[in-house]
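The block underneath contains the structure these notes are about, expressed in structure tokens.
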Amino acid sequence: MGRDALFVDIDIPSPGCTLRVCNAHLESLALYPPLRPAQVKLASGYLRETTVDGGVMAGDFNAIEGFDVGLGESNGLRDAYLEAGGEEEAEEGWTWGMQSPHTRFPCRRMDKVLFCGKGVEVRGLERFGAGVQVEVEGTGPGQETQFVTDHLGLMADVVFVNGDA
């Protein structure tokens with residue numbers, strides 16, 4: 001479907017490190033062979049290049065199938081939600097489904113923050129945007145307001161610790 005990933009390198013003067021950040025929207029369809037494993041593998045390679053000290057990959061992972069669980073870890077990335085003690089199927093981690101008019105997939109944790117690198121930590125991760133709606137002109141009865149998105153956002157606090165990249 002023409003999915004993209006946006007990479008940005010951030011130079012951090014103290015401790016003198018470069019953090020590569022990737023925002024991605026992975027393939028949403030249940031294709032065979034599946035595309036998401038190849039997409040994460042490719043992106044994780046860029047995050048682990050020797051020219052950067054650490055990396056963060058965040059976005060819509062469209063984690064709709066069993067193989068999506070552990071996809072980051074199998075590519076050398078740590079999952080911020082799981083590292084903070086979250087559980088894969090726990091409602092507290094859901095980022096999709098509660099605001100979606102679609103019922104093809106159940107509520108789940110489709111959006112993720114993954115990271116890698118010596119000295120890189122995610123010290124905070126929170127969901128935001130639940131219940132945010134906008135007024136829509138020209139819609140039928142009962143559709144005057146709609147959710148801004150069918151996903152919840154994730155905000156992560158990423159740091160380099162001990163001045164050690």
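The values are calculated or read from the model by the stated rules, or taken from the named source; none is laboratory data. Note that the structure is predicted; figures quoted are calculated from it, not measured. Please note: Cβ atoms are built from the backbone with ideal geometry, for glycine as well, and neighbour counts cover all protein chains shown.
Scanning segment 1-44 for residues that are of a type outside the set (D, E, K, R), over 17 Å from VAL158 (Cβ atoms) and in contact with a helix residue (DSSP H, G or I) (Cβ under 8 Å, 6 or more places away or on another chain) turns up ALA5, LEU26, PRO34, PRO37, VAL40.
The residue that is farthest from MET110 (Cα to Cα), counting only those in segment 24-49 that are at pLDDT 95 or above and among the hydroxyl-bearing types (Ser, Thr, Tyr), is TYR46. Consider segment 44-87 and keep the residues that are within 14 Å of GLY117 (Cβ to Cβ) and assigned to a helix (DSSP H, G or I). The one that is nearest to the chain's Cα centre (by Cα) is ALA80.
Quick check on VAL21: is it in contact with a Phe, Trp or Tyr (Cβ under 6 Å, 6 or more places away or on another chain), closer than 21 Å to LEU6 by Cβ and either assigned to a strand (DSSP E or B) or at pLDDT 95 or above (or both)? So VAL21 does not fit the description; no.
May I ask you to list pairs of residues, at least six apart or on different chains, whose Cβ atoms are under 8 Å apart, with the first in segment 36-52 being within 17 Å of ARG78 (Cβ to Cβ) and the second being of a type in the set (A, V, I, L, M, F, W, C) and part of a loop (DSSP other than H, G, I, E, B)? Taking only residues 6 or more apart or on different chains, the pairs are VAL40/LEU26; VAL40/PHE61; VAL40/LEU71; VAL40/LEU77; SER44/LEU77; LEU47/LEU77.
Is it true that some residue in segment 1-12 is free of Cβ contacts under 8 Å to residues at least 40 places away in the same chain and part of a helix (DSSP H, G or I)? Scanning segment 1-12, I find no residue that is free of Cβ contacts under 8 Å to residues at least 40 places away in the same chain and part of a helix (DSSP H, G or I), so the answer is no. Within the bounds of segment 98-120, is there any residue that is more than 29 Å from ILE10 (Cα to Cα) and either touching a helix residue (DSSP H, G or I) at 6+ places or on another chain (Cβ under 8 Å) or outside any loop (DSSP other than H, G, I, E, B) (or both)? Yes, that holds for at least one residue. For segment 109-131, filtered to residues that are farther than 25 Å from ARG36 by Cβ and not basic (Lys, Arg), the residue that is modelled with the lowest pLDDT is GLY131.
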